[in-house]
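The next block holds one structure in the form of structure tokens; read it before the comments.
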Amino acid sequence: MSVVADIVVSSPAWSSLADLDALTERAVRQCVSASNVTLAENCELCVAFSDDAEIRALNARWRGQDKPTNVLSFPTPGALAGKPLLGDIVIAHETVAREAREQGKTLRDHTAHMIVHGFLHLIGYDHETPRDAEAMETLERRIALALGFPDPYAETEPPADGERPDK
């Protein structure tokens, strides 16, 4: 089974991070492997590497929150095994870079985490309840380890008001 990731870089700030295509492909491949999800053969998703202005507009329109966020996921409807298009992931450079600095992470590691987090939303994971959040975070940690980057939730301050990277 393969997943085709269409990469769109709409913010020049992402040029500071080499090989976004390879990073995305590795992260997606590991998500599929670790989650044991059944997907349509050669299904596609789009990963847009954007900026705070673009993601703020999307967040306001689709989630009613007029503020930038790190990652948004827009899954297409339908059963995973039968849909050729999984959906879209949008990642905001300024927010992800700021969070990486604040959390003592590399931009590459934190971006990989945002790709993983966004992809897991596309395949049905969520963090709306403590039980769901624990299941999703456990899988994110396992994927991070397999990709060779640190536990994305280790030694960081808990997010305010129970927030997690946005879906």
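The values are calculated or read from the model by the stated rules, or taken from the named source; none is laboratory data. Just so we're clear, the structure is a prediction, and the values are computed from it rather than from any experiment. Cβ placement follows ideal geometry from the backbone for every residue including glycine, while neighbour counts extend to all protein chains displayed.
Worth a mention:
- The combined condition, being polar (S, T, N, Q) and at pLDDT below 95, is fulfilled by residue 38.
- Filter result (outside any helix (DSSP H, G or I), within 12 Å of the chain's Cα centre (by Cα) and aliphatic (A, V, I, L, M)) within the range 82-103: 89, 90, 91, 92
- Tally of residues being acidic (Asp, Glu) and buried (at least 23 other Cβ atoms within 10 Å of the Cβ) across the range 102-124: 0
- The range 107-130 residues that are under 25 Å from residue 18 (Cβ atoms), paired with ones that are at pLDDT 95 or above and acidic (Asp, Glu) (beta carbon under 8 Å, 6 or more apart): 110/99; 113/140; 116/140; 117/140; 120/140
- Within the range 45-65, restricting attention to residues that are in contact with a Ser or Thr (Cβ under 7 Å, 6 or more places away or on another chain) and in a helix (DSSP H, G or I), the residue that is farthest from residue 21 (Cα to Cα) is 59.
- The set of residues in the range 1-22 being of a type outside the set (Val, Ile, Thr), touching a helix residue (DSSP H, G or I) at 6+ places or on another chain (Cβ under 6 Å) and either in a helix (DSSP H, G or I) or farther than 19 Å from residue 110 by Cβ (or both) consists of 13, 14.
- Qualifying residue in the range 125-141 (condition: modelled with pLDDT of 95 or more, in contact with a Cys (Cβ under 8 Å, 6 or more places away or on another chain) and surrounded by 20 or more Cβ atoms within 10 Å (Cβ to Cβ)): no
- Residues in the range 23-44 that are polar (S, T, N, Q) and either part of a strand (DSSP E or B) or touching a strand residue (DSSP E or B) at 6+ places or on another chain (Cβ under 9 Å) (or both): 24, 42.
- Verdict on residue 113 being in contact with a helix residue (DSSP H, G or I) (Cβ under 8 Å, 6 or more places away or on another chain) and part of a helix (DSSP H, G or I): yes
Every residue, every condition in (1) surrounded by fewer than 19 Cβ atoms within 10 Å (Cβ to Cβ); (2) polar (S, T, N, Q), yes or no:
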position: 12; (1), (2): yes, no
position: 21; (1), (2): yes, no
position: 30; (1), (2): no, yes
position: 39; (1), (2): no, no
position: 67; (1), (2): yes, no
position: 89; (1), (2): no, no
position: 100; (1), (2): no, no
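- Filtered residue count, the range 126-157, keeping only those that are part of a helix (DSSP H, G or I), among the charged types (D, E, K, R) and over 16 Å from the mean Cα position of the chain (by Cα): 3
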